[in-house]
Amino acid sequence: MEPALKKSRSDSKNPYLSHLEDGSDGLESVSSNGLTRRATTVEAVEKAENGPNNPFNGIPFSEKYFAILDGRRQLPVHQQRDEFLKLYHENQIIVFVGETGSGKTTQIPQFVLYDELPHLTNSQVACTQPRRVAAMSVAKRVADEMDVKLGEEVGYNIRFEDCSGPNTMLKYMTDGMLLREAMNDHALSRYSCIILDEAHERTLATDILMGLMKRIAQRRPDLKIIVMSATLDARKFQKYFFDAPLLAVPGRTFPVEIYYTQDPERDYLEAALRTVLQIHVEEGPGDILVFLTGEEEIEDACRKIALEADDLLREGAAGPLNVYPLYGSLPPNLQQRIFEPTPEDTKSGHGRKVVISTNIAETSLTIDGIVYVVDPGFSKQKIYNPRIRVESLLVSPISKASAQQRAGRAGRTRPGKCFRLYTEDAFRKELIEQTYPEILRSNLSSTVLELKKLGIDDLVHFDYMDPPAPETMMRALEELNYLACLDDEGNLTPLGRKASDFPLDPNLAVMLIKSPEFYCSNEILSLTALLSVPSIFVRPNSARKLADEIRQQFEHPDGDHLTLLNVYHAYKSSEGTSDWCWNHFLSHRALISADNVRNQLRRTMERQQVDLVSTPFEDKNYYVNIRRALVSGFFMQVAKKSANGKSYVTMKDNQMVSLHPSCGLSVTPEWVVYNEFVLTTKSFIRTVSSVRPEWLVELAPSYYDLDDFDNNKEVKSALQKIYQMAARSKKGSRK
Ligand code: CDP
Ligand code: MG
């Protein structure tokens, strides 16, 4: 047998052909750039796949490999391998659609690998995913399928976590990460093939990437592009990509019966729990998938269902039921549990699992064995109102397309049932056809900065699949101009260039870059990391009061940002054990992840020569400096106490807001800076610290121009006083 393959550019031999006894079957073709591409036939590929040695690392295949291989060959896309390769060879761009679970995400990149052999030309294949969870989980699965170590030949790259290396030839990555790579390498030259997966999700990053791909494709005829999508919006993608050919995998799906409720449900959560238990007791074998909107709701539902199911089992009224949550911020090892086998049937009834998931299970992840779907009809969606510059996550009704996709999850392995917890009338008349693409629902500051860094100056004429609203674009340009990331002509400034190198929102990036001027970059670095991870505070329903009391140990009277920092410092000096976190009602996982983010950001700071400095802790300005640094990035997120003395009003946008219940300020300061605007039934500001108005006019004079405050006399006169005082003290000091 052939020895382990050496990676070298000159070795143009098709490595797995050498495994073949007869050594034939490789078809050579010449691609448009003149390089020889080894076009392969399915027969040749299958022989290599069945061979004794792994063609990608030369190591003998394991038994597990062959076990998975059989299953892979059953997937619908496998039937289309020939057709796929033919289209792939003949075209630069192809659109590929297929039912969720047909094997697109796991198999197509491998078809490409066997064909392209990217390791022989030092190139790579990228496959983008809108979600971090999916990128990690699929990379792990494909590493198993290819019998290689995750992080070696197959890896993944998500924000703040790069699990890939010099040997990586297939990289699953979030769409946002590929966009970041493009910022530094406009032609994405290290890739021979880019697969944009889940294109139908139309995330902001995917939309920008698609526009970018069109440009790159024209400059790089050697680059292959595959656009993959789950739904039937294929025509739109084809048209957008120069009438690219379409390959559709016929779905191997079973019919799904749809049930609606007779009357609208008042409490969808309660209705969902009831439905799950009813299915468990009454229906034939098969697992259950429930769609809810977020972590808290899902964990709560899991607890309640598990309790009730235990009762049913004990009473002999039903079989065993395993309950699994699934959402983006769940640690990967817990996410993988959804693939655990279903419990055995018992005398009392069918054993089942129930997965309670966010939208992730709609298309990104496929769980085999689901027969029942419970769809309350909601998901958490981002919305943006450019008029008041507020972006928020709101629980909103899903679209018809989403509802259909959800129902389809029930028919993967045999005929299934979907229980919609809304009326048929509501489905027909109230749900919109398609979810609006994210680019129409987002603040675009980060995107505009990225586009500028990508060298795209004419933002208006960029080839968007759906162009964003002009007002949203104007807002983004304006914000970046106030942050001094763009100059008055809209060109990237040196600060903007630096800021774009950080995988952060522009205001966080600017705060971090400016923090050495306030002698507190070490602290602002920690704070930025803490603001970039899920909440570090744990507040279980059963021990709310105790959790709040313990939190008070860390509280700083001047604000939540400082409290966060106090927690982090205590964590670091306690050696960061999980016991310590548990006892202090802190999330060990979130703190570890904050530490990791901190390290990553520190590297970017070092590369960008942003100094790491601190004010001595004993200095009376230690905390003042930190609050001033906060203002340097967040001066557009400031609110002033209103005349009623209770609520606050935001600068310029004049929104009435309240401090979020989680806010730890015991006295309510006159002026505050906030990290987040939270819109539920009421408007809240969350993570709030007190600031002095003098800092606002000193650090952001162009934003705090008095002429811009004519629509709020109260704020205007307060600012006027500050300006007068500042002028007086200047005069005084000159004398
Ligand atoms: O992308 P698409 O929805 O077409 O399918 P896929 O993600 O490639 O999944 C195909 C099959 O691979 C699934 O039905 C599962 O049987 C399996 N799979 C798995 O076992 N574990 C994963 N983490 C991902 C996929
Ligand atoms: Mg997929």
Does residue 246 satisfy the condition of being farther than 30 Å from residue 349 by Cβ, of a type in the set (A, V, I, L, M, F, W, C) and within 16 Å of ligand 1 (Cβ to nearest atom)? yes
For region 284-303, what are the residues that are under 17 Å from residue 372 (Cα atoms) and surrounded by fewer than 15 Cβ atoms within 10 Å (Cβ to Cβ)? 284, 285
Residues of region 655-711 being basic (Lys, Arg) and either over 21 Å from residue 531 (Cβ atoms) or part of a helix (DSSP H, G or I) (or both), which ones? 682, 692
Among the residues of region 439-455, is there at least one that is crowded, with 19+ Cβ neighbours inside 10 Å and among the acidic types (Asp, Glu)? yes
Among 318, 234, 306, 244, the single one that is over 17 Å from residue 418 (Cβ atoms), within 16 Å of ligand 2 (Cβ to nearest atom) and either of a type outside the set (Phe, Trp, Tyr) or surrounded by fewer than 16 Cβ atoms within 10 Å (Cβ to Cβ) (or both) is 234
Looking at (1) open to solvent by less than 30 Å² (accessible area, probe 1.4 Å); (2) at pLDDT below 95; (3) in a strand (DSSP E or B), which one does residue 374 not meet, given that it meets all the others? (2)
Out of (1) hydrophobic (A, V, I, L, M, F, W, C); (2) more than 16 Å from ligand 1 (Cβ to nearest atom); (3) open to solvent by 30 Å² or more (accessible area, probe 1.4 Å), what's the single condition that is false for residue 56? (3)
Given the condition over 24 Å from residue 82 (Cβ atoms), in contact (Cβ under 8 Å) with a residue 40 or more places away in the chain, more than 15 Å from ligand 1 (Cβ to nearest atom) and in contact with a Phe, Trp or Tyr (Cβ under 6 Å, 6 or more places away or on another chain), answer yes or no: does some residue in region 101-122 qualify? no
Out of contact with any Phe, Trp or Tyr (no Cβ under 7 Å at 6 or more places or on another chain) and closer than 26 Å to residue 533 by Cα - does that describe any residue in region 302-317? yes
Would you mind stating whether residue 137 is farther than 20 Å from residue 69 by Cα and either within 16 Å of ligand 2 (Cβ to nearest atom) or surrounded by fewer than 19 Cβ atoms within 10 Å (Cβ to Cβ) (or both)? no
Filter result (buried (at least 20 other Cβ atoms within 10 Å of the Cβ), of a type outside the set (Asp, Glu) and part of a helix (DSSP H, G or I)) within region 545-572: 561, 562, 563, 564, 565, 567, 568, 571
Filtering region 351-392 down to residues that are over 13 Å from residue 294 (Cα atoms), within 16 Å of ligand 2 (Cβ to nearest atom) and not acidic (Asp, Glu) yields 363, 364, 365, 366, 367, 370
Members of region 317-366 that are part of a strand (DSSP E or B), more than 22 Å from the chain's Cα centre (by Cα) and away from ligand 1 (no atom under 16 Å from the Cβ): 321, 322, 323, 346, 349, 352, 354
Members of region 144-154 found to be open to solvent by less than 20 Å² (accessible area, probe 1.4 Å) and either farther than 16 Å from residue 117 by Cα or within 10 Å of ligand 1 (Cβ to nearest atom) (or both), listed by number: 145, 151
The residue that is farthest from residue 242 (Cα to Cα), considering only those in region 86-110 that are away from ligand 2 (no atom under 14 Å from the Cβ), in a helix (DSSP H, G or I) and open to solvent by 10 Å² or more (accessible area, probe 1.4 Å), is 86
Regarding residue 542, is this residue small (Gly, Ala, Ser), open to solvent by 70 Å² or more (accessible area, probe 1.4 Å) and either outside any loop (DSSP other than H, G, I, E, B) or touching a residue at least 60 places away in the same chain (Cβ under 8 Å) (or both)? yes
So in region 397-438, with the set limited to residues that are among the polar types (S, T, N, Q) and out of contact with any Leu (no Cβ under 9 Å at 6 or more places or on another chain), which one is surrounded by the fewest Cβ atoms within 10 Å (Cβ to Cβ)? 434
Any hit, region 573-592, residues being within 21 Å of residue 675 (Cβ to Cβ), touching a residue at least 40 places away in the same chain (Cβ under 8 Å), part of a helix (DSSP H, G or I) and not charged (D, E, K, R): yes
If only one of 46, 153, 83 is of a type in the set (Asp, Glu) and without any contact (Cβ under 8 Å) to a residue 12 or more places away in the chain, which one is it? 46
Among the residues of region 169-200, write down those that are within 23 Å of residue 438 (Cβ to Cβ) and aromatic (Phe, Trp, Tyr). 172
Of the residues in region 192-219, those that are crowded, with 19+ Cβ neighbours inside 10 Å and either among the polar types (S, T, N, Q) or not in a helix (DSSP H, G or I) (or both) number 10
Can you confirm whether residue 75 is surrounded by fewer than 22 Cβ atoms within 10 Å (Cβ to Cβ), within 14 Å of ligand 2 (Cβ to nearest atom) and within 17 Å of residue 250 (Cβ to Cβ)? yes
Here are the criteria: (1) open to solvent by less than 40 Å² (accessible area, probe 1.4 Å); (2) within 30 Å of residue 262 (Cα to Cα). Tell me which single one residue 483 does not satisfy. (2)
Can you run down the residue pairs with Cβ atoms below 6 Å, 6 or more apart or on separate chains, where the first is in region 232-244 and over 14 Å from residue 463 (Cα atoms) and the partner is open to solvent by 60 Å² or more (accessible area, probe 1.4 Å)? 234/246; 238/246
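The values are calculated or read from the model by the stated rules, or taken from the named source; none is laboratory data. Small disclaimer: the values here were computed from a predicted structure and weren't measured. Virtual Cβ from ideal backbone geometry, glycine too; neighbours counted across all protein chains shown. Surface accessibility is based on the protein's heavy atoms, side chains included, excluding ligands, DNA and RNA. Shrake-Rupley method; radii C 1.70, N 1.55, O 1.52, S 1.80 Å.
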